[in-house]
Structures are given as structure tokens and as C-alpha cells.
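Read the structure below first, then the notes.
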């Protein structure tokens with residue numbers, strides 16, 4: 001029998017009630033815990049990018065048991081496919097909340113393509129910005145957490161094509177009509 005362990009605040013007495021579930025040391029549980037922290041705790045290092053922007057966690061998901069009921073099967077399937085350490089929770093719409101219809105489990109490469117554009121982005125394309133001083137479109141990509149400059153181009157269309165080629169090469173994904181396609185999965189289906 002699986003133990004259940006969640007801290008629940010009783011609205012009437014505001015006493016902490018502990019329910020044992022046995023998941024507290026798991027990566028899945030830590031994902032839930034971190035999601036709550038970055039959306040609700042102003043002292044969290046990531047709060048300004050989540051709760052500070054108005055991103056919230058669905059009321060239902062504030063109880064671990066509900067989050068697990070909604071997301072655990074998809075988590076297991078994605079972990080089986082990509083490895084547990086290679087997946088994270090991803091909001092499909094980065095301006096939307098953490099809720100069932102806006103969350104999925106994604107690889108780091110898929111997440112890298114599903115980021116909101118930086119506030120100083122001048123092109124409308126992730127990883128492509130205009131350098132006024134040189135009057136060129138500069139392309140960058142994040143590889144293993146480090147920014148790498150790809151190049152500078154006079155033509156924005158060329159800059160975007162080259163940036164997407166780097167995404168395909170480094171992330172093994174391509175972006176087509178706002179959809180992210182995993183080239184490895186496409187290759188597996190055709191072989």
C-alpha cells in the first residue's frame with residue numbers, strides 16, 4: 001500500500017494536517033513543490049518570472065493528490081520515453097497558468113523553444129535581435145545553459161532560417177507553425 005504525504009491547511013482551524021503519501025523524495029513531488037514556490041512565494045528566486053508576472057497554480061493543484069491524479073500518467077509516459085531527469089513541467093502558453101489544459105511534460109530542448117521572448121527582443125523571433133549600432137540581425141542560441149552567438153546578418157529572414165537550423169542541430173527539434181516537432185521522434189516513425 002502506498003503512503004500519502006501532503007501538508008494541507010485547514011481553512012477553519014489553520015492547523016497543519018499531514019497526510020502520508022510516500023512521494024516527498026521523488027522528482028515528481030519536487031516539481032510540484034517548486035511550481036508552488038515560484039508562483040506563490042515572493043522570497044523564491046524565480047518568483048519574479050512566475051508569481052510576480054501573475055502566473056498562478058490552479059486551485060485544484062494546490063493539493064498534491066490532485067496534481068498527481070492529473071499529471072502523473074503523462075509524467076511516467078514522458079519519463080519512459082526521454083528519461084526522468086530529461087523532462088520538466090512545461091506551460092504550453094507561457095502567459096497562462098499551471099493547469100491541466102496548459103501543462104505538459106517536455107524535454108529541455110522542447111522547453112528551450114517554448115520560452116517567452118525577452119523583453120528586449122526587437123524581431124519577434126526567439127534568439128534573433130536587431131543590433132542598431134551595426135544595423136544587423138544578431139542570432140543567439142542557448143546550449144547547455146550558455147549563450148552562443150551564431151552570427152550577424154543584414155536580412156532578418158536569413159537570420160531566422162539560420163537560428164532555426166541551429167535549433168534543429170542542437171535541440172533535435174524544429175518549429176513549424178508554432179508547433180515544436182522532435183526530429184528524433186519523426187525519424188523513429190519513418191524507420
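Laboratory data are not the source of any read-out in this text; all were calculated from the coordinates shown. Computed from a predicted model, the values in this text were never measured in an experiment. Cβ placement follows ideal geometry from the backbone for every residue including glycine, while neighbour counts extend to all protein chains displayed.
Listed values, structure above:
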{"quantity": "Difference of contour (0.36 nm per residue) and Cα-Cα distance, residue 170 to residue 95", "calculated": "24.4 nm"}
{"quantity": "Estimated FRET transfer efficiency (residue 102, residue 24; beta-carbon r; R0 35 Å; 0.05)", "calculated": "0.85"}
{"quantity": "For peptides 120-129, 159-168, sequence by mean Cβ density within 10 Å, most packed first", "calculated": "159-168, 120-129"}
{"quantity": "Sequence ranges 146-157, 38-49, 87-98, ranked by mean other-Cβ count within 10 angstrom, highest first", "calculated": "87-98, 38-49, 146-157"}
{"quantity": "Per-pair calculated FRET efficiency, R0 = 22 Å: residue 34 and residue 80 via Cβ, rounded to 0.05", "calculated": "0.50"}
{"quantity": "Computed FRET value (nearest 0.05) for residue 46 with residue 131, which takes r as the C-beta separation and R₀ as 22 Å", "calculated": "0.15"}
{"quantity": "Extension gain (nm, one decimal) between residue 65 and residue 88, 0.36 nm per residue minus Cα-Cα", "calculated": "6.4 nm"}
{"quantity": "Separation in nanometres of the label points that stand 7 Å from Cα toward Cβ, at residue 53 and residue 155", "calculated": "3.3 nm"}
